[in-house]
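These notes concern the structure reproduced below.
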Amino acid sequence: MFDIASLRELLAQPQKIVITTHHKPDGDALGSSLGLYQYLIQLGHHTTVISPTDYPDFLSWMPGNGEVMIYTENQDAAAQLIANAAIIFCLDFNALGRINQMGELVGASPAKKVMIDHHLEPEDFDDYRYWDINACATAQLVYHFIVEELGGKKYINADVATCLYTGIMTDSGSFRFPGTTSAVHRTVADLIDAGAVNWRIHELVYSNSSEERLRFLGHCLSEKLAVLHEYNTALITVSREEIEKYNVQTGDTEGIVNYALSITGIRLAAFIVERNDKVKLSLRSKGDFPANEICKKYFNGGGHRNAAGGASDDTLEQVTNQFKAILPEYKTLLIQ
């Protein structure tokens, strides 16, 4: 592995750097990427954030968003940047398959690969790893990487702080998930002191929905929510036709599964949606119930214990029935 001293030496001179994150980036993925970007450009590095796909419009306000390159819209230019990079930062993912077609390009690049992540079971494609599964967000790790590993606290300006705050806020469920420790709050306090306007960031992320998204949410809760009381489980299923009817955009389904989990007594919630290529499944759980185990074992996915996802080539009906059929195996854990 590439050690931190070698990485610091490499970063001592301006380098060609690419930052990338997982497909369909969420607030932590984009926030950590843009936070690191805002730090590196202060040091004179030639830095580009490349997202494998588009991402929610409610994240487009973040500092540096206008400089993000979308791989699916600029494949040749992105491939050239990846091939010529001296360093590629891989944020909020730990397997090259999570960046789709970009995975082969990143794997083949002679660049040093730096992984900063908090997910389980990382692949060994990286040269340097800053990794902690107990971190509530990759943005939290980026902050400590800059401050503690690179000695760059003086570069945590308002733009860096705003992006990293967004990442921590969204991945911690607005600071309500179990991983939100006192250390997280101290980090967030530092970011607010550096210029992150916390109330404004909350407003831009959570009070910025289209009318269609709210009508879609209402449809999901009134017409598509099913509660399986015998398993303390709730699920919401959405067809491709419903996605088209409500003109659902990237990010519009984010967080809907949490409404199902909020029902009193529910320990496991699922959101199952039919996309153009696959049926996608998002699980959320409470306590020590292993949502990630179900996704890994049955749906080609994984994630955190209480927040995981997967996908299937089967039909929406088949995936829904498979999910229901799995529940008896976990009944003891679900009815505790």
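The values are calculated or read from the model by the stated rules, or taken from the named source; none is laboratory data. Everything numeric in this text was worked out from a predicted model, so none of it was measured. As a convention, Cβ positions derive from the backbone with ideal geometry for all residues, glycine included, and neighbour counts pool all protein chains shown. Note: accessible area is taken over every heavy atom of the protein model, side chains too, but ligands, DNA and RNA are not part of it. Shrake-Rupley method; radii C 1.70, N 1.55, O 1.52, S 1.80 Å.
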Compute, for E244, the solvent-accessible surface of its heavy atoms (probe 1.4 Å) with the complete set of protein chains present, and express it in square angstrom to the nearest 10. 130 Å²
Enumerate the amide H contacts of V49 below 5 Å, restricted to partners 5 or more residues apart or on another chain; note that Pro and chain-start residues carry no placed amide H. I19, M69
Estimated distance in nm for a label pair at E212 and H144, the labels positioned 7 Å out from Cα along Cα-to-Cβ: 4.1 nm
Within the accessible area of the chain, what % is carbon and sulfur when the probe is 1.4 Å and the other protein chains stay in place? 47 percent
Any chance you could give the angle, 0 to 90 degrees and rounded to 10, that helix 75-84 forms with the longest Cα principal axis of the chain? 50 degrees
To the nearest 20 debye, the chain has a Cα-centred charge dipole, built from +1 on Lys and Arg Cβ and -1 on Asp and Glu Cβ, of 620 debye
Nearest 5 is fine: what % of DSSP beta bridges in the chain come out antiparallel, could you say? 40 percent
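Among the chymotrypsin sites (Phe, Trp or Tyr not before Pro) in region 1-94, which ones are in a DSSP loop with at most 16 other Cβ atoms within 10 Å of the Cβ? Mind listing them?
Counting only loop positions with at most 16 other Cβ atoms within 10 Å, the chymotrypsin sites (Phe, Trp or Tyr not before Pro) in region 1-94 are F2, W61.
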Pairwise FRET efficiency - A5 versus T250, Cβ, R0 = 41 Å, nearest 0.05: 0.55
Quick one: helix 158-171 against the long Cα principal axis of the chain, what's the angle to the nearest 10°, folded into 0 to 90? 30 degrees
In straight Cα distance, which lysines are under 19 Å from K24, not counting same-chain residues fewer than 8 positions off? K278, K280
